[in-house]
Amino acid sequence: MLTSYFWSGDAIRSRRVSDVVLSGSLDVPVPPVRLLADWEREIASHMVLEPGDVEPMPLARARARWPDYRRCVQAASDWTSARGLRAVLASSDVALMACRGARYHHDAEQYGSAAFCNLFMSEDKGLDLHFPALGRRIPLTRGTVVIFDTGQPHGVIQRGSSRFDVADFAPDQDCIQIFLTWELPIEDAHVAQALGIAFDTAPSTSLQLDAEQVRLNGEPAIVCPESGRWCRVD
């Protein structure tokens, strides 16, 4: 059993890590040529995006060159609303991200109080978003949308592969994915219901902690970046 310990106000609270992953495919327009070129320049000139890295992109500048930005956000909002999340997306923080694949990881050491909603804007480059513990693979294409618990291990790997391999993301490979991501508050009743979150599952342990983390069957654990398997911390 995976338990996420996260900050709730001034206290650490516990919750079970959800094994629910919501996904779909939205009809979003192709980003304009000018914006695509700007993204390429940003990555080539101002970022060091190594294989497996996930890094932020300048959203404000992108919006100035992205006439269909509102249409993309509205499509994501309509999709989440249809799944019982109502106006959660509109009140959540949004960021623009780029990844050259992604090593297996979880994000609950920093975002344990959130679920992620990601909307992918790049074309199909033969990559999957993989949740190894759940046996879920989601092909990444333009319009792929997904909501998942930040404590659930995940990675972006080549389709047909079962692990993250640096060699699959060589510099001459076109394997960068651009996506919008929203932080949905996990304590919001609609988010918790959609993901089946159970709270306060380990209250006594919560009182002993002073940092966000995920524990496996009550013990500290880390995610192997190549396989996505949980490993106990010695």
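The values are calculated or read from the model by the stated rules, or taken from the named source; none is laboratory data. Please read all numbers here as calculations on a predicted model, not as lab measurements. Cβ: placed from backbone, ideal geometry, glycine included. Neighbour counts: every protein chain shown.
Quick notes
One line per residue, one yes/no per condition, for (1) over 20 Å from the mean Cα position of the chain (by Cα); (2) more than 29 Å from residue 213 (Cα to Cα); (3) of a type in the set (Val, Ile, Thr):
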{"position": "21", "(1), (2), (3)": "no, no, yes"}
{"position": "32", "(1), (2), (3)": "yes, yes, no"}
{"position": "46", "(1), (2), (3)": "yes, yes, no"}
{"position": "52", "(1), (2), (3)": "no, no, no"}
{"position": "69", "(1), (2), (3)": "no, yes, no"}
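- Residues (farther than 30 Å from residue 229 by Cα, in contact with a strand residue (DSSP E or B) (Cβ under 8 Å, 6 or more places away or on another chain) and buried (at least 19 other Cβ atoms within 10 Å of the Cβ)) located in segment 56-71: 62
- In segment 187-219, the residues that are within 20 Å of residue 82 (Cβ to Cβ) and in contact (Cβ under 8 Å) with a residue 12 or more places away in the chain: 188, 190, 191, 193, 194, 195, 196, 197
- Within segment 50-86, considering residues that are of a type in the set (D, E, K, R) and assigned to a helix (DSSP H, G or I), the one nearest to residue 38 (Cα to Cα): 61
- Subset of segment 119-145 (residues that are in a strand (DSSP E or B) and either surrounded by fewer than 21 Cβ atoms within 10 Å (Cβ to Cβ) or basic (Lys, Arg) (or both)): 128, 136, 137, 139
For (1) within 28 Å of residue 38 (Cα to Cα); (2) touching a Leu at 6+ places or on another chain (Cβ under 6 Å), each residue gets a yes or a no:
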site: 96; (1), (2): yes, yes
site: 100; (1), (2): yes, yes
site: 110; (1), (2): no, no
site: 124; (1), (2): yes, no
site: 140; (1), (2): yes, yes
site: 150; (1), (2): no, no
site: 153; (1), (2): no, no
site: 161; (1), (2): no, no
site: 174; (1), (2): yes, no
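- Of the residues making up segment 36-49, those that are in a loop (DSSP other than H, G, I, E, B) and closer than 24 Å to residue 143 by Cβ number 1.
- Within segment 62-94, being in contact with a Lys or Arg (Cβ under 8 Å, 6 or more places away or on another chain) and without any contact (Cβ under 8 Å) to a residue 24 or more places away in the chain holds for one residue alone: 69.
- Members of segment 128-174 that are within 13 Å of residue 229 (Cα to Cα) and aliphatic (A, V, I, L, M): 133, 134
- Failed criterion for residue 109 (all others in (1) touching a Pro at 6+ places or on another chain (Cβ under 9 Å); (2) more than 15 Å from residue 175 (Cβ to Cβ); (3) not aliphatic (A, V, I, L, M) hold): (1)
- Within segment 206-227, considering residues that are within 12 Å of residue 11 (Cα to Cα) and over 18 Å from the mean Cα position of the chain (by Cα), the one surrounded by the fewest Cβ atoms within 10 Å (Cβ to Cβ): 210
- Of all residues in segment 1-35, those satisfying the criterion of being of a type outside the set (A, V, I, L, M, F, W, C) and in a strand (DSSP E or B) are 3, 4, 5, 8, 13, 14, 15, 16, 23, 24, 25.
- Residues satisfying the stated conditions in segment 178-210, i.e. hydrophobic (A, V, I, L, M, F, W, C) and either out of contact with any strand residue (DSSP E or B) (no Cβ under 8 Å at 6 or more places or on another chain) or within 19 Å of residue 134 (Cβ to Cβ) (or both): 184, 186, 189, 191, 192, 194, 195, 197, 198
- Listed by first and then second residue, the pairs with beta-carbon distance under 8 Å, at least 6 apart or on different chains, first residue in segment 34-57 and farther than 18 Å from residue 180 by Cα, second of a type in the set (Phe, Trp, Tyr) and at pLDDT 95 or above, are 51/169.
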